[in-house]
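What follows is a set of notes on a single structure, which appears directly below.
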Amino acid sequence: MLILADSAQTAREWGAHGIYGAPLSLTPKRTSLIQLAAVHNAREIAQAARKNANAILLSPAFPTASHPGEPALGVGRFRMLAKLSPVPVIALGGMDASKAKALKWERWAAIDGLSS
């Protein structure tokens, strides 16, 4: 499955299955595409819900090499924010098998595309 951080038009040109971006960029709703909202806080989770996102990408769950020195959510804050979401939550940021177990979150998936 291919989800692009781009426009719906580009996604269709590529034959992608969906798009992702900031919650407010998911307007208007494209029913032919999966729409994922990249969120970092409760306000953005609420925006994603109002824009009918299919799922949210909640980050950074843990420290990540792509944003060195930036504060991470950690297990407690991740779980608190994830529980606010009415749609599935995809954890991003420093994810690996041991950190996925630490989250103890039933509605999650991890994406790790930057580590070696």
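The values are calculated or read from the model by the stated rules, or taken from the named source; none is laboratory data. Values in this document were obtained by computation on a predicted structure and should not be read as measured data. Here Cβ is always computed from backbone atoms with ideal geometry, including for glycine, and neighbour counts include all displayed protein chains.
So here's what we get for this one:
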{"item": "The stretch 1-18, residues that are surrounded by 12 or more Cβ atoms within 10 Å (Cβ to Cβ) and either more than 15 Å from the chain's Cα centre (by Cα) or closer than 17 Å to S59 by Cβ (or both)", "result": "I3, A5, S7, A8, T10, A11, R12, A16, H17"}
{"item": "Any pair with Cβ under 7 angstrom, 6 or more apart, that starts in the stretch 65-82 at a residue that is among the aromatic types (F, W, Y) and ends at one that is in a helix (DSSP H, G or I)", "result": "F78/L103"}
{"item": "Pairs where the first residue, in the stretch 1-18, is of a type in the set (D, E) and the second is surrounded by 13 or more Cβ atoms within 10 Å (Cβ to Cβ), C-beta under 8 Å, 6+ apart", "result": "D6/I19"}
{"item": "Flag for R50 being out of contact with any Leu (no Cβ under 9 Å at 6 or more places or on another chain), surrounded by fewer than 18 Cβ atoms within 10 Å (Cβ to Cβ), over 17 Å from I90 (Cα atoms) and modelled with pLDDT of 90 or more", "result": "yes"}
{"item": "Identity of the residue in the stretch 19-33, surrounded by 13 or more Cβ atoms within 10 Å (Cβ to Cβ) and of a type in the set (A, V, I, L, M, F, W, C), that ends up farthest from I45 (Cα to Cα)", "result": "L33"}
